[in-house]
Ligand code: SF4
């Protein structure tokens, strides 16, 4: 054959290329003769696409979805039309799963750290090398310090399988969901102990769609978006429900409120207790329900008798007439009244559980349980258990002093080992050293407040590894990074929804995995093999899913034939005469004896949280509708919708400080920690004694191309942490900031006078 | 057999350097090829990098790095400025592979990776398929490569990758010229 020469390559170069012994060999292995005739012309749009049902995981709400796939490519995501909760709808984040899947900043291959921790300098390694390294270090640390030196921070669907590995290694620290201890822990416990079931955890059994009146205490639903949740809220309003919103900030739902109460931050429990007292004194409570189904009424009556509306008006900086009108409005709608149990609850530390207990108590006094519009009962959906996806013979080793069982927080063991205890143990070796950390699905730098201490703790570890999709903050601090499949590339098991319209569905891959990533199950299986852990016998995730479906008389195939979802009849309501609760006495606990047994208040008390020191204002934060915590800040579509956060600042305060809308400032907290620059939103929609920002911005990870340095991170301003006494959750509204503009420190003027009853935070710098 | 083009070699240079990669030979050959292409190199740029340094740099440039992956090596990211994978640039690459009767072997890398595209170009040239080569270069590879190269240059890479980016540019330019009988210009 006459071979043309396109370039003049010298004999020396040719020889050198040959001795590099890759010319014409290594390269040729990249292609083979085509076996199938692919589409010759690239098509655009989603018309004619194959539809694959699955479950969204852009947030933990897990809406059923349909993925539209064309030529093996995901082109669009919609809600599953057969889903009773979201139908064809997904939120902005649900839509942008396409961007997550195809983001070039994804972790593409196992990585090994070659620079310092936090530097983000890596070498690419094989899966065998990565898993060998993790297994070697787990065994080494266990041998040297004992099993409890291993700890696992986890969150989300992909974390379960690795949890089994930690369990099988014998550590008691196999689950510490920072997101749980930083979020729904207090309300979960408050409702569990009051009503005997977890009314509000990952799911909420909360019937807003049928309520005649609703009370939201700082729940910013609508900014905090879960599709079905928002739909139910809107449905309720649409049917004429009255709405009372208590929030220092004029939030999205405040905009829809009949009565908006801009409360002084930190005084919500005072208002709740005064309302409870008022309801009892004015005989506005449901006497039948209380007499037949509640324990502890007299004790409650006694305990709250001093909390008057007049007192609350002063403490909370609200008008007496407004708070009276609000409670009358709620009482009038009883029992079809929805006292929203709240979600993100870890605000002030010591009073958080009591605040949520007070919502539960008011719910019970109104008899708003198991009736339309109140909180309701879950309807269990049958689902099997795939033992083949777990380790066998798991036994947690005894610890001389158990971090879980001998925790200073008597109820934390129910949920795992508290985040704070683990960090403390890493730093102090008390009660024992923790030397290895596995992290899955958590941005440990931004999710856990006081990242300075977290970073210090990480440096003390012998080894840290993570399973990650994006090269975020956790990855840059890890010794080994294991690249995880996105939720669009894997099975996770069967999902059931026990709410008003129960259903069963399954997450399944909609496309083949990109890059050299592996599913969490296969990662766990690979480690089990190396660590000599028996179990994990399911060869594939399909096997695991089919195992779980057996109990529901389904297979993956039969479920897919029915549109990927089976809907069941809900039984959320009960006859008020015969309703039974899963507490020991079968009744609602208005005073919780279990708390009393642990020397904790059986009935909430108002314990003032310190007000800002002079010159400072309180920092609070919330969720943005187009972002999921810190997870989505680098997502192109979502980034375009909201590229940065702003600091909400009261207009009168701004005028006094000479700050204009959109001006850039820096925040400095009470311990001198400073934020990234952040633009100011000057607004009358926030009280003068508080500033607000959306959470999830101000990434310090340069790996997140789009998100790096955009806006400020609230977590980096949190160094004063108060732990709640029940489960040890970290407080997030106990930090105070002042403003720095053009290098000048500006003290915040105090425009709302502080009553004597509320102490001031004693700052070292103030 | 004497190589008629350097594209398998260049493709290999864009592969991750592992412990079996003859870094010194690769580096020497690249420097010689640069010379053939008329590129004048300062002597300090000809130094052979340590394997570990080369690996960390490869990860920074093409996989994950501070500041974001500096230069994602995928056509899709550049072709219609989508910035993400599996978009038009990917479709185009797959279209050409298919038209030539090839399919990419599953490798853990996206088929529109520069390594695949250069390799494919080598296959086309070996086959003497001038019409498809011209289409592939004109309407695809030579359109996105300069944007990719720019991202590499902006990242101030180690000399090895800087030379690689430049040499590849020159080789593509020269090949396009030959194929088009000097009718086309390189965008
Ligand atoms: S609320 Fe949005 S992000 Fe969350 S699961 Fe549903 S569609 Fe996905």
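At 222 nm, what value in deg cm²/dmol follows for the protein assembly as shown if DSSP H runs of at least 4 each add -39500 (n - 2.57) and the sum is divided by all its residues, to the nearest 500?
Computed ellipticity for the protein assembly as shown at 222 nm equals -9500 deg cm²/dmol.
Tell me, in nm to one decimal, what length is gained between residue A:429 and residue A:569 on full extension, where the rule is 0.36 nm per residue of separation less the Cα-Cα distance?
45.2 nm
Give me B:19, A:121, A:140, A:710 sorted ascending by neighbouring Cβ count inside 10 Å, so fewest comes first.
In increasing order of surrounding Cβ atoms, one gets B:19, A:140, A:121, A:710.
Order by neighbour count: A:148, B:5, A:385, fewest other Cβ atoms within 10 Å first, most last.
Ordered from fewest to most neighbouring Cβ atoms within 10 Å, A:148, B:5, A:385 come out as A:385, B:5, A:148.
Set the Förster distance to 25 Å, then compute FRET efficiency between residue A:553 and residue A:393 from the Cβ-Cβ distance, nearest 0.05.
Once rounded, the FRET efficiency stands at 0.25.
Going by alpha carbons, how many degrees (0 to 90, nearest 10) lie between the helix axis of A:185-195 and the longest principal axis of chain A?
With both axes taken from Cα atoms, the answer is about 50 degrees.
Can you give the % of DSSP beta bridges in the protein assembly as shown that are antiparallel, to the nearest 5?
55
Cα axis of helix A:352-365 to longest principal axis of chain A: angle in degrees, 0 to 90, nearest 10?
60
Taking R0 as 41 Å, what FRET efficiency do you get between residue A:328 and residue A:655 from their Cβ-Cβ distance, rounded to the nearest 0.05?
It comes to 0.65.
What list do you get for A:695, B:81, A:340 if you sort them by fewest beta carbons within 10 Å?
Starting with the residue having the fewest Cβ neighbours, the order is B:81, A:695, A:340.
Could you calculate the FRET efficiency of residue A:406 with residue A:235 from 1/(1 + (r/R0)^6), where r is the beta carbon distance between them and R0 is 45 Å, rounded to 0.05?
Once rounded, the FRET efficiency stands at 0.45.
Springs between alpha-carbon pairs under 10 angstrom, Gaussian network model over chain B: which of B:158, B:172, B:118 fluctuates most?
Highest fluctuation among the options: B:158.
Can you pull the one-decimal nm distance between simple spin-label points at residue B:135 and residue A:605, each 7 Å off the Cα toward Cβ?
Calculated label separation equals 8.3 nm.
Taking the Cα centre of each part, how many Å lie between segment A:264-304 and segment A:182-228?
19
How high is the relative contact order of chain A, in percent, with contacts defined as C-alpha pairs under 8 Å that are six or more residues apart?
18
Only bridges with both residues in segment A:617-746 count here: give the DSSP antiparallel percent, nearest 5.
Looking only at bridges with both residues in segment A:617-746, the antiparallel portion is about 55 percent.
Label-point separation (nm) for residue A:614 and residue A:452, each offset 7 Å from Cα along Cα-to-Cβ?
2.4
Compute the length gained on full extension between residue A:585 and residue A:197: take 0.36 nm times their separation in residues and subtract their Cα-Cα distance, giving the result in nm to one decimal.
Separation in residues times 0.36 nm, less the Cα-Cα distance, equals 138.3 nm.
None of the figures in this text is laboratory data; all of them are computed from the coordinates on show. Bear in mind the structure is a predicted one, so any value in this text is a computation, not a measurement. Positions of Cβ are backbone-derived with ideal geometry, glycine not excepted, and every protein chain shown enters the neighbour counts.
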